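Engineer: My questions all concern the structure below.
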Amino acid sequence: MHTQCVIIGAGHSGLAMSQCLKECSVDHVVLERGEVANSWKQERWDSLRLLTPNWQTRLPGFAYSGKDPHGYMTMPELTRFLQQYADHISAPLQLNTNVTAVNATADGYEVVSDRGIWYCDSLVMASGNCNIANIPRVAESAPQSIHMLTPSQYRNPDQLEHAGVLVIGASATGLQLAEEIHRSGRPVTLCVGEHVRLPRTYRGRDIQWWMDKLGLLDERFDEIDDINRGRNLPSPQLIGTPARRNLDLNRLVVQGVDLRGRLAGFNDGKAQFSGSLVNTCELADLKMSRLLTRIDEYARENNLEAQLPVARRYPATRVDAAAPLLMDLQKNNIKTILWATGYRPDHSWLNLPVFDHKGRIRHHGGVVDYPGMYLLGAPLLRRRKSSFIHGAEDDARDLSRHLASYLGSQKNCVDANVAA
Amino acid sequence: MNDLNTAVNNGVNVEALLGARAALTEAPAAAAFKWLASCEWINGTHSRSTVQQFFGLGEDQNHRSEFTFDTDHPQIFASEDNGATPVELVLVGLAGCLSAGVAAVAQRRGIQLNSVRANLEAGMDIQGILGIDSDVRNGFDGIKVHFEIDADATADDIRALVAQSQKRSAVFDIVTNPTNVSVTVSENH
């Protein structure tokens, strides 16, 4: 089979790209290993909701239209939303089609799947950024008796033995799961490395609303001082709940979660923690404080003060400066370690020389360092919002134009914004 | 915002550091450094350590001259006190590393430093090294570093300098995280 473009993955990025390519009259197919929104459906824990509010959840030519614009979608709701979108745009889907290899041909690509081979002139990789949960090498020296799992395998606390749990990582995932597991009666110790602290709301507005107003979400990859650092930041400590509540380390401490420094290693049945906990929390507090100061300045400059509640800052993270550096796992009845240490994409099927020395795809704003190849959905791919659902639109539009131009058919692109 | 504010001078060549960072990102092998020290026992608890050569950017490098450090113990340990104790040199290393970091980060952020002073304090229960109580560790039970910084910046900006300096400090990492140490002895014939 031949087509102008193969999109791999029918998540929000792949579907957005499909719509944008349609606007450019680029003939294409979307290959999906499972169903629409497969990762959201199959590889997330039960209680997860989006970190972005519903009013922000939109894709090219489609937006949330329900009754709860300030709510946060559950995974079944998001899956339905993406399925509705796929139907709405009549995406040319090939479901249950697992890509096993992508090879270069003389004039394009060969995409090998368990449902046949596609030949194409261009390729869009939208297969997700969270395919594989990272487990750091230090895990190899953990005691054999400990049960280890990753957020990809975790669904709810009932999976875990009724005993202590060591949660590694202080991103949104680490904090959400630490709280949920601790509340289930399994005492949690949380290892805290570098993290990003953000309040859910500030001065009555969702933090995403403020970041949107400040233009932070639209900051471009080529305007950011240290793009590598930006692309590797852990996800901010947020949770989407109907109560729009905060999730931070102070809240966990009040509930009885024990905080420790970054996990440094295991030795003789003991976990060793870094002595840098105070500083990692100080860094995150200072960074949050700088953002809130910017928000206050914005509110002042734009005469919003009158309609906003008075600025009330959140307390500094309360850290035990003498938190123990060692923990005997057996004596402390720790039976489980949950590695909330980030994810990475799986591009193991890609047989092309496009990887850097750390195994990451070399690209410039999603334009891969190989003719006619594009990447979507990676953090800070083209903008700060690139990793959010609504970030797919601008990225897909930019890259679809680039792709159409590569195919020599950009003149066919109908700019939806102009045409509408 | 002007990150490379040329009006600010803390004596740190940030352009050179950023150039090195960019070059080493392209050629990670050149970033593999080895630091060397040698130590000669003199007498009693008195030793003299020397540093001069190191390895980096793919080849042997040398300090401008050889530096020597005498270590000993004070007279209350029945020693001759010919130099700082080794544990004090650990504090010296940490202080030097954090202070250098403060200067570099300040330069990068366009903050003029007027004075930077660090006072360090480390507690130690010497029952550990004397073998009196095996529950007491040999090393410090904690290190406190207190900075007094006079700079043309807000209090929060100064706190952020110090925090960032810790984040990028080699010695801070060495003292806050475990490091494998292998000690070998030559065969003696």
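The values are calculated or read from the model by the stated rules, or taken from the named source; none is laboratory data. Since the structure is predicted, the reported quantities are computational estimates derived from the model, not experimental observations. Every residue, glycine among them, receives a Cβ derived from its backbone with ideal geometry; neighbour counts consider all protein chains shown. With ligands, DNA and RNA removed, areas are computed over all heavy atoms of the protein, side chains included. Shrake-Rupley method; radii C 1.70, N 1.55, O 1.52, S 1.80 Å.
Engineer: If the requirement is being surrounded by fewer than 20 Cβ atoms within 10 Å (Cβ to Cβ) and either closer than 30 Å to A:L238 by Cα or assigned by TED's automatic domain parsing to the domain that holds A:D258 (or both), which of these qualifies: A:E110, A:E161, A:E179? Give the steps one after another, and end with the answer.
Structural biologist: Details: A:E110 fails: either closer than 30 Å to A:L238 by Cα or assigned by TED's automatic domain parsing to the domain that holds A:D258 (or both); A:E179 fails: surrounded by fewer than 20 Cβ atoms within 10 Å (Cβ to Cβ).
On inspection, the qualifying residue turns out to be A:E161.
Engineer: Looking at region A:375-393 only, could you name the residues that are closer than 17 Å to A:G230 by Cβ and either assigned to a helix (DSSP H, G or I) or among the hydroxyl-bearing types (S, T, Y) (or both)?
Structural biologist: A:R384, A:K385, A:S386, A:S387, A:G391
Engineer: Please indicate, with yes or no, whether at least one residue in region A:251-263 is open to solvent by less than 40 Å² (accessible area, probe 1.4 Å), in a helix (DSSP H, G or I) and either of a type in the set (A, V, I, L, M, F, W, C) or more than 11 Å from every other protein chain (Cβ to nearest Cβ) (or both).
Structural biologist: yes
Engineer: Which pairs do you get when a residue that is closer than 29 Å to A:D398 by Cα and without any contact (Cβ under 8 Å) to a residue 40 or more places away in the chain, found in region A:42-67, comes within reach of a residue that is aliphatic (A, V, I, L, M) and buried (at least 19 other Cβ atoms within 10 Å of the Cβ), reach meaning Cβ atoms under 7 angstrom, with the pair 6+ apart or on two chains?
Structural biologist: A:N54/A:M73
Engineer: Go through (1) more than 9 Å from every other protein chain (Cβ to nearest Cβ); (2) at pLDDT 90 or above; (3) out of contact with any Gly (no Cβ under 9 Å at 6 or more places or on another chain) for B:G128 and report which single condition fails.
Structural biologist: Among (1) more than 9 Å from every other protein chain (Cβ to nearest Cβ); (2) at pLDDT 90 or above; (3) out of contact with any Gly (no Cβ under 9 Å at 6 or more places or on another chain), the lone unmet condition for B:G128 is (3).
Engineer: Could you look through region A:44-88, keep only residues that are among the aromatic types (F, W, Y) and assigned to a loop (DSSP other than H, G, I, E, B), and pick out the one that is nearest to A:V29 (Cα to Cα)?
Structural biologist: Within region A:44-88, the match that is nearest to A:V29 (Cα to Cα) is A:Y64.
Engineer: Of the residues B:E148, B:E121, which is surrounded by fewer than 13 Cβ atoms within 10 Å (Cβ to Cβ), within 14 Å of another protein chain (Cβ to nearest Cβ) and not in a loop (DSSP other than H, G, I, E, B)?
Structural biologist: Values: B:E148 fails: within 14 Å of another protein chain (Cβ to nearest Cβ).
Result of the check over B:E148, B:E121: B:E121.
Engineer: So, in region A:290-322, how many residues would count as being among the polar types (S, T, N, Q) and away from every other protein chain (no Cβ under 14 Å)? Give the steps one after another, and end with the answer.
Structural biologist: Taking region A:290-322 first, the residues among the polar types (S, T, N, Q) are A:293, A:302-303, A:307, A:317.
From what is left, the residues that are away from every other protein chain (no Cβ under 14 Å) are A:302-303, A:307.
Final tally of qualifying residues: 3.
Engineer: Can you give me the ranges of the strands (runs of 3 or more DSSP E) entirely in region A:95-153 with at least 2 residues that are under 23 Å from the mean Cα position of the chain (by Cα), over 30 Å from A:I334 (Cα atoms) and of a type in the set (A, V, I, L, M, F, W, C)?
Structural biologist: Working: elements: A:99-105, A:108-113, A:116-125, A:147-149.
Because the criterion is at least 2 residues that are under 23 Å from the mean Cα position of the chain (by Cα), over 30 Å from A:I334 (Cα atoms) and of a type in the set (A, V, I, L, M, F, W, C), the strands (runs of 3 or more DSSP E) in region A:95-153 that meet it are A:116-125.
Engineer: Filter region B:20-40 down to the residues that are away from chain A (no Cβ under 14 Å) and under 23 Å from the mean Cα position of the chain (by Cα) and list them by number. Show your work before the answer.
Structural biologist: The first filter runs over region B:20-40 and keeps only residues away from chain A (no Cβ under 14 Å), leaving B:20, B:23, B:33-40.
Those that are away from chain A (no Cβ under 14 Å) and under 23 Å from the mean Cα position of the chain (by Cα): B:A20, B:F33, B:K34, B:W35, B:L36, B:A37, B:S38, B:C39, B:E40.
Engineer: Answer yes or no: is there a residue in region A:239-248 that is farther than 25 Å from A:S386 by Cα, more than 14 Å from every other protein chain (Cβ to nearest Cβ), open to solvent by less than 60 Å² (accessible area, probe 1.4 Å) and of a type outside the set (S, T, N, Q).
Structural biologist: No, the conditions are met nowhere in region A:239-248.
Engineer: Additional query: Select, from A:P353, A:P324, A:P315, the only residue that is assigned to a loop (DSSP other than H, G, I, E, B) and assigned by TED's automatic domain parsing to the domain that holds A:G408.
Structural biologist: Being assigned to a loop (DSSP other than H, G, I, E, B) and assigned by TED's automatic domain parsing to the domain that holds A:G408 holds for just one of A:P353, A:P324, A:P315, which is A:P353.
Engineer: Filter region B:151-169 down to residues that are within 13 Å of chain A (Cβ to nearest Cβ) and among the aliphatic types (A, V, I, L, M) and give me whichever is nearest to A:C281 (Cα to Cα). Before the answer, list the steps.
Structural biologist: We begin by selecting, within region B:151-169, every residue within 13 Å of chain A (Cβ to nearest Cβ); these are B:153-169.
With the extra rule that they be among the aliphatic types (A, V, I, L, M), the set shrinks to B:153, B:155, B:158, B:160-163.
Working: B:A153: 21, B:A155: 17, B:I158: 16, B:A160: 12, B:L161: 14, B:V162: 13, B:A163: 10 Å.
Filtering region B:151-169 for residues that are within 13 Å of chain A (Cβ to nearest Cβ) and among the aliphatic types (A, V, I, L, M), the one nearest to A:C281 (Cα to Cα) comes out as B:A163.
Engineer: Hey, among B:V183, B:V136, which residue is assigned to a loop (DSSP other than H, G, I, E, B) and open to solvent by 60 Å² or more (accessible area, probe 1.4 Å)? Steps first, please.
Structural biologist: Details: B:V136 fails: open to solvent by 60 Å² or more (accessible area, probe 1.4 Å).
Of the residues listed, the single one that is assigned to a loop (DSSP other than H, G, I, E, B) and open to solvent by 60 Å² or more (accessible area, probe 1.4 Å) is B:V183.
Engineer: Now for a different question. Could you list all residues from region A:275-307 that are more than 18 Å from A:R203 (Cα to Cα), open to solvent by 20 Å² or more (accessible area, probe 1.4 Å), more than 23 Å from the chain's Cα centre (by Cα) and of a type in the set (A, V, I, L, M)?
Structural biologist: Residue satisfying the conditions is A:V278 alone.
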